[in-house]
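Below: the structure, in structure tokens.
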Amino acid sequence: MQINYGEFLPEEDPKFIEEADQAVKAFLQKSIEDRASISHLVHKNCMDFLNQIVLRPSDQVFIDMKDQNEIWKHVKPMRHGGINLSRRPHRDQDIYLEINCRCGWEDEHGLKLVFRQGRQITRVSAMDGCLTDADAHGTLDTEDKLLHKFK
């Protein structure tokens, strides 16, 4: 899988590469249990999307899903453009690791998983160009449920 470093100027952000590498290392230490701990968020993304559309026959598999961990059978990271590291340009100005995925329920916009510092999930959404829900909706960071939980 390709890892992309976001736009930055070394003379303006000399710590970017070091912090981005730390985020990648933190992310690579994640386990299958860590994945299971966010299954409910990915499943919720799926259900929220399906509740907004006219269902197709192929969507029934998601409706019938008994175990939220089964959602991962329908999520595949993109080979190119799959992992992106960037610094949030305002507010916390932290490093975020973003994984772009194809998913079985949202063909057009796919699925994006965002981890602050590569350590903790801070966003599950369609691929929309925003690192946080606060940025996407123009709200305060304290109103962003996942971002506000970051420790």
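The values are calculated or read from the model by the stated rules, or taken from the named source; none is laboratory data. Given the structure is predicted, the values throughout are model-derived calculations rather than measurements. All Cβ positions, even for glycine, are placed from backbone atoms using ideal geometry, and neighbour counts span all protein chains on display.
Worth pointing out:
- Within the stretch 121-151, restricting attention to residues that are over 14 Å from the mean Cα position of the chain (by Cα) and free of Cβ contacts under 8 Å to residues at least 12 places away in the same chain, the residue that is surrounded by the fewest Cβ atoms within 10 Å (Cβ to Cβ) is 138.
- Near pairs, Cβ below 6 angstrom, 6+ apart or cross-chain, from the stretch 7-23 (touching a residue at least 12 places away in the same chain (Cβ under 8 Å)) to any residue that is part of a loop (DSSP other than H, G, I, E, B): 16/8; 23/117; 23/118
- Test: residue in the stretch 37-44 that is in a loop (DSSP other than H, G, I, E, B) and within 22 Å of residue 141 (Cα to Cα): yes
- In the stretch 70-80, the count of residues that are surrounded by 12 or more Cβ atoms within 10 Å (Cβ to Cβ) and closer than 21 Å to residue 21 by Cα is one or more.
- Check on residue 88, within 18 Å of residue 29 (Cβ to Cβ) and either out of contact with any Gly (no Cβ under 8 Å at 6 or more places or on another chain) or free of Cβ contacts under 8 Å to residues at least 24 places away in the same chain (or both): no
- Every listed requirement among (1) on the phi < 0 side of the Ramachandran plot; (2) in contact (Cβ under 8 Å) with a residue 24 or more places away in the chain is met by residue 107 save one, (2).
- Residue count for the stretch 1-36, restricted to those that are of a type in the set (Lys, Arg) and part of a loop (DSSP other than H, G, I, E, B): 2
- Looking across 83, 99, 95, one residue alone is surrounded by 14 or more Cβ atoms within 10 Å (Cβ to Cβ), at pLDDT below 95 and not acidic (Asp, Glu). It is 83.
- Members of the stretch 56-76 found to be among the hydrophobic types (A, V, I, L, M, F, W, C) and either at pLDDT below 95 or in contact with a Gly (Cβ under 8 Å, 6 or more places away or on another chain) (or both), listed by number: 61, 62, 75
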